1. Can you list the HN-Hα couplings for segment 27-41, worked out from phi with the Karplus curve (6.51, -1.76, 1.60; θ = phi - 60°), rounded to whole Hz and with x for Gly and Pro?
2. Work out, step by step, the length gained on full extension between residue 54 and residue 79: first 0.36 nm times the residue separation, then minus their alpha carbon distance; give nm to one decimal.
3. Between residue 72 and residue 92, how high is the FRET efficiency from 1/(1 + (r/R0)^6) when r is the Cβ-Cβ distance and R₀ = 25 Å? Nearest 0.05.
Amino acid sequence: MPEPTVSTVSVLAADYFRTYSVVGLLAALGVLFVAVAFGAGRLLRPSVPTREKLLTYECGVDPVGEGWAHTQVRYYVYAFLYVIFAVDSIFLFPWATVFAAAGYGATTLVEMFIFLGFLAVGLLYAYKKGVLEWL
């Protein structure tokens, strides 16, 4: 195979950067569109601030007391466990379809059981810490 000449390399580089210039142009147009929409909204909306409009709105209830709410940490742990197992299911479904269709060997099966083992260790840790108890 002959080595490419300088002119061939420059033509290939020009084509390469031309494709990225299209992406850059579309990104700039997207940012410009959002900026124009926000600017038009700011210029066209009526602005009549009153005392009631400046209050914090909380589901139709007048705000009373301080702005900080006390939440127990265990609710965050429940959310964290949900995210872990949601990611697990997102990972397992495509793996199962590809594994069944392509007929991969035992290596893929072992990798999946290692992954499930890590998740099981995390679930066991949460159980030992008492996170999964409701009361």
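Values in this text are rule-based calculations from the coordinates and carry no lab data. Source: prediction; values computed, not measured. Don't worry about glycine lacking a Cβ; one is built from the backbone with ideal geometry, like all the others, and counts go over all protein chains shown.
1. Using θ = phi - 60°, the values come out as 5, 5, 5, x, 5, 4, 4, 5, 5, 5, 5, 5, x, 5, x Hz.
2. On the way: separation 25, 0.36 × 25 = 9.00 nm, distance 3.28 nm.
Answer, rounded to one decimal: 5.7 nm.
3. Values: r = 31 Å, r/R0 = 1.23.
Step by step, r from the Cβ atoms, then E = 0.25.
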